[in-house]
1. Among the DSSP beta bridges whose two residues both lie in the protein assembly as shown, what percent are antiparallel, rounded to the nearest 5?
2. Taking only C-alpha pairs under 8 Å that are 6+ residues apart, what is the relative contact order of chain B in percent?
3. Can you run phi through the Karplus equation (6.51, -1.76, 1.60; θ = phi - 60°) for the stretch B:377-388 and list ³J(HN,Hα) in whole Hz, with x for Gly and Pro?
4. DSSP loop trypsin sites (Lys or Arg not before Pro) in the stretch A:1-65 with at most 15 other Cβ atoms within 10 Å of their Cβ, which ones?
5. If I take all pairs of Cα atoms in the stretch A:86-211, what percentage of them are more than 21 Å from each other?
6. Find out how many positive minus negative residues lie around B:Thr374, taking Lys and Arg as positive, Asp and Glu as negative, among other residues whose Cβ is under 15 Å from that of B:Thr374.
7. Which whole number gives the average, over all residues in B:372-384, of C-beta atoms from other chains lying within 10 Å of the residue C-beta?
8. Need the full-extension length gain, B:Glu13 to B:Ala332, defined as separation in residues times 0.36 nm minus the C-alpha distance. One decimal, nm.
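Values quoted throughout were computed directly from the atomic coordinates according to the rules given, and no laboratory measurement underlies them. Model, not experiment: these values are computed from the prediction. Neighbour counts run over all protein chains shown; Cβ positions are idealised from the backbone, glycine included.
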There are 2 protein chains.
Amino acid sequence: MKDLTDIPALMAEMGRRARAAAAELAFAPSEARRRALEAAADAVWARRAEIVAANAQDLDYGREKGLSDAMMDRLMLDEARIQGIVDGLRAVAAQDDPVGATLAEWEQPNGLTIRRVRTPLGVIGVIYESRPNVTADAGALCLKAGNAVILRGGSESFHSSGLIHDCLVEGLRVAGLPEDAIQRVPTRDRAAVRELLTMTDSVDVIVPRGGKGLVGLVQQEARVPVFAHLEGIVHVYVDAAADPVKALRVVLNAKTRRTGICGAAECLLIHRDALDTVGQGLVRALLEAGVEVRGDETLQAIEGVQAATEEDWGREYLDSIIAARVVEDIDAAIAHIRRYGSGHTDCILTEDDAAAARFFERLDSAILMRNASTQFADGGEFGMGAEIGIATGKLHARGPVGAEQLTSFKYLVTGDGAVRG
Amino acid sequence: MKDLTDIPALMAEMGRRARAAAAELAFAPSEARRRALEAAADAVWARRAEIVAANAQDLDYGREKGLSDAMMDRLMLDEARIQGIVDGLRAVAAQDDPVGATLAEWEQPNGLTIRRVRTPLGVIGVIYESRPNVTADAGALCLKAGNAVILRGGSESFHSSGLIHDCLVEGLRVAGLPEDAIQRVPTRDRAAVRELLTMTDSVDVIVPRGGKGLVGLVQQEARVPVFAHLEGIVHVYVDAAADPVKALRVVLNAKTRRTGICGAAECLLIHRDALDTVGQGLVRALLEAGVEVRGDETLQAIEGVQAATEEDWGREYLDSIIAARVVEDIDAAIAHIRRYGSGHTDCILTEDDAAAARFFERLDSAILMRNASTQFADGGEFGMGAEIGIATGKLHARGPVGAEQLTSFKYLVTGDGAVRG
């Protein structure tokens with residue numbers, strides 16, 4: 001049994017093992033990685049009763065800690081949700097292998113043939129919060145892309161994550177892959193997170209999945225590169241040339257389909273000229289749907305609209321609340337989004353191609369949409385299969401991060417004794 | 001005149017200006033960026049006498065500081081070298097525009113059309129050492145890719161870099177682009193470097209170009225993401241199946257063509273079975289060419305070979321010195337490179353396809369070569385045009401970093417009122 005109190009030594013050892021596993025994984029056959037994921041899915045399903053029992057322990061712990069209903073719901077696993085985990089593992093197993101593909105190949109006049117091929121990134125650290133299914137999703141995606149991974153889940157899901165992790169390791173064993181390819185930090189001690197963030201020798205990238213607290217800690221303490229994953233402060237701008245029917249459909253879906261996901265709309269911007277034709281009806285429909293609307297002075301004239309304060313701009317509610325404001329023109333909408341947005345997903349509702357082009361050109365969010373619900377901001381909906389999150393940074397991965405984004409590349413250069421003149 | 005003593009305020013102001021310029025550059029036409037670079041080239045040539053005079057001041061400063069001959073040579077500008085700068089600017093101007101290209105486009109069954117388009121990265125900080133021409137190269141590449149840049153050159157090239165920077169700004173003015181698109185830190189104070197490394201709000205990525213001291217400082221203090229640019233600890237492995245003629249050509253070129261570049265060979269690994277057929281002749285040829293060979297015990301039997309110590313493995317000489325060792329087999333060569341290499345460029349000399357495949361598969365350097373001189377590790381030789389350096393990290397940019405690697409991307413999603421079920 002490892003000493004779980006000496007966190008630096010524990011984490012350093014995990015790092016060394018991960019690095020060694022990554023070196024082996026880098027040339028493990030595609031088929032072995034696929035089999036490991038299939039076997040892990042079998043194991044999760046076979047052990048579902050155990051997982052539900054372990055989850056009951058986690059739920060007790062969560063109740064003691066006084067978690068909110070929403071948090072308790074995220075933590076809970078039942079047979080249907082375990083079926084979801086199994087389906088997810090099989091879906092990742094069935095995806096095309098991103099590793100080894102030739103991305104480009106060309107010949108140079110100097111006699112060289114140059115090939116750029118996709119490789120695993122190496123070792124990935126994933127830090128996440130309450131949902132135990134992330135253990136399976138993140139472990140599977142990292143392995144699919146040939147990476148070793150160190151998982152550090154939230155303390156709430158400690159027992160259920162532990163069992164799911166056991167199943168992943170069983171899959172590795174069945175497939176003859178190194179068991180250290182998917183490791184899980186075996187302690188709730190938060191010092192392990194701090195340690196993981198600074199292991200520049202053994203970890204290539206950190207993927208944080210969680211709320212403001214985690215993101216802040218990561219931004220402050222990480223020495224290892226991070227796939228930035230900020231909040232989804234998602235704006236929907238209703239242009240002067242918005243189609244009223246589409247606008248109503250899209251805004252209601254963007255806000256109300258699921259309020260707790262990062263692609264849910266958080267702020268509505270309405271062009272002054274669309275206020276009477278589309279805007280007022282939209283706001284009333286949101287109110288009727290049970291959404292709390294926090295509007296600027298103009299919108300407060302509509303019955304039921306609360307007064308927005310400065311704090312409502314740039315805020316991620318993840319709840320049945322939306323901020324709303326009237327803007328003078330598209331440039332005012334763009335300026336608002338630049339100032340308050342988080343570069344995640346922003347949407348324009350318009351039939352005017354020039355307006356859409358301006359919006360697409362002058363904003364630099366990871367995802368820009370036209371006449372489509374922002375709830376589509378999701379790797380599955382983009383056709384990428386499962387995702388480990390939506391990256392809001394501009395380096396390497398951006399938007400939905402699937403297996404392909406968890407890879408790097410190298411150049412293979414062949415000559416026939418070529419020398420440089 | 002700005003207050004050059006309040007470094008944090010000075011740098012924060014530069015960051016704000018860079019961010020504003022980047023927002024404008026993001027949709028500046030390709031043609032304007034091209035014209036700016038052409039006009040900058042004209043300005044450099046027109047002001048060449050001034051630049052040479054400013055460079056004389058820098059050379060005086062360098063002599064006072066007691067720079068080595070090699071450093072003084074790197075610092076020196078004459079008309080021929082200024083012609084090189086001008087040619088470089090025009091070559092970057094003539095390159096295809098990397099910005100705006102559609103990287104992929106597809107339709108989803110949910111009714112969305114998704115386009116992935118290339119965008120500028122934003123604001124780039126370039127920190128470099130003595131060579132004044134980097135001011136032009138780095139400024140030009142960043143602008144080509146639609147980025148704003150903050151340049152921080154070495155204190156030795158202060159005056160010549162300042163004048164070259166003036167010419168770049170003149171180019172921006174001629175083309176009607178924001179002058180803050182290419183800024184230069186106007187002080188030698190090293191505190192400015194520390195500041196630049198932590199400006200996470202206004203700088204998207206740091207590109208360090210320099211020796212160990214700079215790289216160490218960057219690794220220790222950077223909060224902004226960095227395109228890692230480690231040393232080139234370049235290995236050449238002579239396999240049992242190496243062709244003697246190609247091996248001789250390639251090794252001599254890899255070591256001696258230019259010893260001071262990052263693609264120069266620093267360590268020779270010789271398969272035991274190739275020792276008599278190829279290895280001994282190779283070592284003698286290196287000695288004859290004036291190279292100091294620091295060999296292991298076996299190689300010390302050859303007259304003129306010095307004894308290598310443990311410090312010689314994994315060392316970047318950038319000089320007419322090479323470490324050399326006999327290895328039992330290809331796996332021992334791979335193990336040596338994994339342990340001592342820097343992930344820059346490594347080469348195998350072999351006629352055996354299986355050996356080459358093993359070397360390519362089991363090593364993860366940015367550039368792996370077969371039967372070709374490592375001195376080809378260069379953006380120009382790869383057909384990428386100018387380069388800002390060779391990245392040894394695995395995130396985002398890897399290998400030669402040209403204009404294309406200085407970009408990011410975003411997703412543009414179009415629906416017709418599509419909502420998620």
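1. 25
2. Computed value for chain B: 18 percent relative contact order.
3. After applying 6.51 cos²θ - 1.76 cosθ + 1.60, I find 6, 6, x, x, 5, 7, x, 9, x, 5, 9, 9 Hz.
4. A:Lys2
5. Distances greater than 21 Å cover 45 percent of the Cα pairs.
6. +2
7. 5
8. 109.5 nm
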